[in-house]
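Reading through the structure tokens given below for one structure.
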């Protein structure tokens with residue numbers, strides 16, 4: 001592959017079939033890191049690429065309102081009231097009030113059409129690092145967390161991103177924190193006097209904050225540290241379906257991204273990994289800042305960034321170089337990303353591509369229109385599947401129900417016959433139904449495909465469809481080998 | 001007996017390996033049907049053993065976790081009950097075809113899902129120490145293949161090149177790939193990728209339509225294992241046992257998240273039973289979970305990460321039914337680190353017994369080569385007379 005495409009494959013999503021290629025790739029990377037990130041897409045399959053309409057990108061309070069309405073209509077449906085128990089009413093309720101399908105579709109279109117491919121790859125890395133699995137209610141918030149908690153914060157500090165995502169209602173809901181109460185909180189104390197009242201600590205988020213999001217088990221923290229972190233977190237967040245009046249009463253606000261219920265908070269100071277954390281809502285920022293700058297966090301995440309972009313087994317010196325800029329820049333993500341990308345484009349061996357990354361690259365290289373327009377998101381199409389279904393079949397989606405450790409950066413975890421079968425079949429489906437705009441030969445010329453790849457494509461005969469599948473499933477395009 | 005068979009198998013394996021190196025076809029070698037089949041249901045998230053098989057005879061149970069203990073349990077004896085979701089499993093128990101192990105765990109006490117899952121699948125001495133799985137290594141030793149009913153190849157089954165997976169696709173506008181095309185693609189790849197594409201080509205010759213719910217996959221797996229040339233092992237994963245919140249419903253301790261997931265497990269076992277048919281007599285099925293959960297209820301009608309849990313076993317090879325336990329007690333002083341059910345039985349021993357029975361491998365070999373623990377206790381006689 002020529003330099004432009006080799007780099008774009010490694011750290012981006014490939015240049016689209018009709019995009020001009022930059023000459024100075026180092027300068028291009030810097031421009032990419034600062035690129036604006038409008039949500040680009042198409043309204044329908046014949047339309048021009050434009051920005052997604054605002055009304056399909058609601059803020060958190062609108063999302064919460066839609067969620068409350070969805071639940072209310074669902075209740076009427078169960079009770080057989082107001083005609084809500086018909087198929088049509090149920091469907092209308094889902095289409096009008098749920099954001100999950102729209103958000104995933106927006107993410108997919110962004111990745112297919114976006115001019116900010118490097119930022120989108122970094123977004124996927126961090127969205128995976130801060131996994132929010134779909135538990136129904138979180139489906140309403142995941143898209144917002146990715147756009148506003150990750151993509152919008154790519155050039156800030158890691159500490160800001162960590163605090164933002166930790167306090168995002170999606171994360172607070174996914175890891176049960178919205179229902180947690182400090183053991184000596186007012187809520188827990190008053191509950192103890194009543195029968196059938198439950199209020200107490202839930203350590204789910206506290207544990208994963210330490211284990212997955214920051215210091216990792218290598219830090220050797222104790223069960224008491226997890227417990228204390230959970231006590232610091234107690235009180236943060238509120239059930240997304242709660243009425244606004246209740247929310248105002250409990251948090252003094254109707255801002256879901258800053259919801260702190262004092263009555264549920266643990267009074268007094270806490271100690272997490274030796275650090276004293278003060279009581280009150282400021283304690284959490286104190287904790288996440290402490291964790292963000294912890295040596296074990298820097299080591300853990302520097303390693304993970306290298307594993308994602310550079311190599312399944314990065315060298316010690318590669319990891320050290322990222323740690324070093326992390327320290328020097330006080331955790332400035334722009335500086336850290338610059339270093340990681342530098343290592344990535346100079347890496348001597350190939351890096352296996354995630355299924356979703358590969359799929360976006362196939363679509364962009366070929367100019368296929370494989371995803372519907374946002375106007376048709378709920379319409380049946382006998383050729384194009386819904387985005388939700390595509391990524392479910394592919395086996396990778398940020399809107400799936402999954403464990404908080406997210407998707408593996410390790411090739412070995414993606415090597416299976418069924419996984420590979422999906423590559424063949426999606427290459428086939430994209431060729432057949434995606435109205436590709438570039439022939440296999442044109443694509444190979446443009447990317448400067450290796451002789452070995454050209455020979456492989458030639459070996460399967462003259463069927464354009466077979467050739468397309470072969471190219472996209474070649475070692476070179478799957479990121480299996482540098483040839 | 002098992003030692004004798006192991007000798008024969010090792011010989012065959014050695015023969016196959018040297019023939020392979022000489023470039024000779026290996027078809028037909030090491031394909032003798034082993035003694036039985038082994039299926040593992042991985043319960044992801046950490047199953048609450050104390051609610052699955054509640055120790056109703058322990059006075060501390062109701063004191064510690066009244067609000068989440070099932071009320072409609074089936075009494076198995078004076079001491080243990082069975083969760084009402086496990087209906088089919090209860091029938092198997094009545095017929096002597098199911099047993100449970102209580103207060104058991106892999107030797108991992110740090111309560112991380114991901115380290116724990118790596119331990120129970122890898123079967124290593126510490127988290128992330130193994131690149132292959134204990135079942136994969138066992139199948140490699142026995143020279144027979146297993147199949148995972150999943151899109152990925154789970155760690156537990158890695159380690160034997162013949163192992164494959166099954167999870168049917170449903171992609172609009174694409175039909176099963178052409179085998180010769182995929183074979184050509186395979187030739188352009190190296191090593192493991194080439195091997196995997198070859199499997200894709202092979203698979204594309206079959207046309208199997210199976211719904212993707214765990215119970216249907218179990219039935220399919222049972223049928224496949226019942227065929228003469230079918231796999232000898234299978235893996236099914238059931239998710240969502242991480243019941244931090246709403247483990248039970250507020251007004252019904254027999255319903256809720258755990259009850260729903262246990263129903264899935266029950267359906268999976270029933271699916272296996274139906275699919276295996278006559279092969280049930282030679283089958284063993286066991287569950288695997290990364291840890292149990294706290295003895296006490298947390299603040300959100302759930303339980304947090306713990307240590308000891310339960311293993312469920314089923315299959316015609318069991319010599320009877322029972323709950324096998326060396327009961328540690330539930331009082332604070334009996335708990336592990338004053339919060340979890342203590343584990344008194346090393347679950348690796350249970351896995352080893354199942355391997356010994358199904359693959360005919362010698363216990364000492366399993367202990368040393370598969371679990372790297374030469375002094376692993378042999379518990380075979382508790383399950384298989």
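What follows draws every value from the coordinates through simple rules; no lab data is involved. This is a predicted model, so every value here is computed, not measured. We place every Cβ from the backbone using ideal geometry, glycine too, and count neighbours over all the protein chains shown.
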**Study point:** the range A:315-385-the range A:53-116 distance, computed between alpha-carbon centres (Å)
**Key:** 28
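How big, on average over all directions, is the shadow cast by the Cα convex hull of the range B:124-196, in nm²?
For the range B:124-196, the mean projected area of the Cα convex hull comes to 6.5 nm².
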**Study point:** Acute angle (nearest 10 degrees) that the helix A:60-79 long axis makes with the longest principal axis of chain A, alpha-carbon atoms
**Key:** 80
Exercise for review: Could you line up B:269, A:50 from fewest to most neighbouring Cβ atoms inside 10 Å?
Suggested key: A:50, B:269
Revision key, fill the gap. Compactness check, chain A: C-alpha Rg relative to the 2.2 N^0.38 Å globular estimate gives 1.03
Revision key, fill the gap. Longest principal axis of chain A (C-alpha) makes with the long axis of helix A:333-345 (C-alpha) an angle, in degrees to the nearest 10, of 30
Study note, to complete from the structure: By the Kirkwood definition, with r running over pairs of different Cα atoms, the range B:267-385 has a hydrodynamic radius in Å of 16.1
**Study point:** Helical mean residue ellipticity (222 nm; -39500 (n - 2.57) per DSSP H run of 4+; nearest 500) of chain B
**Key:** -10000 deg cm²/dmol
Study note, to complete from the structure: Counted neighbours (other Cβ, 10 Å), sorted fewest up, put A:179, A:374 in the order A:374, A:179
Revision key, fill the gap. The percentage of Cα-Cα pairs in chain B separated by more than 38 Å is 19
Practice item. Within 10 Å of each Cβ in peptide B:294-307, how many partner chain Cβ atoms are there on average? Round it to a whole number, please. Key: 5
Review point. Can you give the mean number of other chain Cβ atoms that lie within 10 Å of the Cβ atoms in peptide A:190-203?
Key: 3
Exercise for review: Please list B:355-368, A:183-196, A:360-373 highest first by mean number of surrounding beta-carbon atoms within 10 Å per residue.
Suggested key: A:360-373, B:355-368, A:183-196
Point to revise | Size-normalised alpha-carbon gyration radius of the range B:282-331, reference 2.2 N^0.38 Å | key: 1.48
Practice item. Sort the range A:15-139 into rounded, prolate or oblate with this rule: let a ≥ b ≥ c be the square roots of the eigenvalues of the Cα gyration tensor; rounded if a/c is under 1.5, and if a/c is not under 1.5, prolate when a/b is larger than b/c, oblate otherwise. Key: prolate
Point to revise | Residue-averaged beta-carbon neighbours from other chains (10 angstrom radius) around A:399-409 | key: 2
Study note, to complete from the structure: Summing -39500 (n - 2.57) over every DSSP H run of at least 4 in chain A, dividing by its residue total and rounding to the nearest 500, the 222 nm mean residue ellipticity is -15000 deg cm²/dmol
Check your understanding: Relative to the longest principal axis of chain B, what angle (0 to 90°, nearest 10) does the C-alpha long axis of helix B:2-21 take?
Key -> 40
**Study point:** Which of A:415, A:385 has the fewest Cβ neighbours within 10 Å, and the rest in rising order
**Key:** A:415, A:385
Practice item. Project the alpha carbons of the range A:355-478 onto their principal axes and report the range along each, largest first, in whole Å. Key: 41, 37, 22
Practice item. With a ≥ b ≥ c taken as the square roots of the eigenvalues of the C-alpha gyration tensor of the range B:48-138, please select rounded if a/c is under 1.5 and otherwise prolate if a/b is larger than b/c or oblate if it is not? Key: oblate
Practice item. Starting with the highest mean, order A:400-411, A:7-18 by the number of other Cβ atoms within 10 Å, averaged over the residues of each peptide. Key: A:7-18, A:400-411
**Study point:** Share of Cα-Cα pairs in the protein assembly as shown lying beyond 48 Å, as whole percent
**Key:** 22
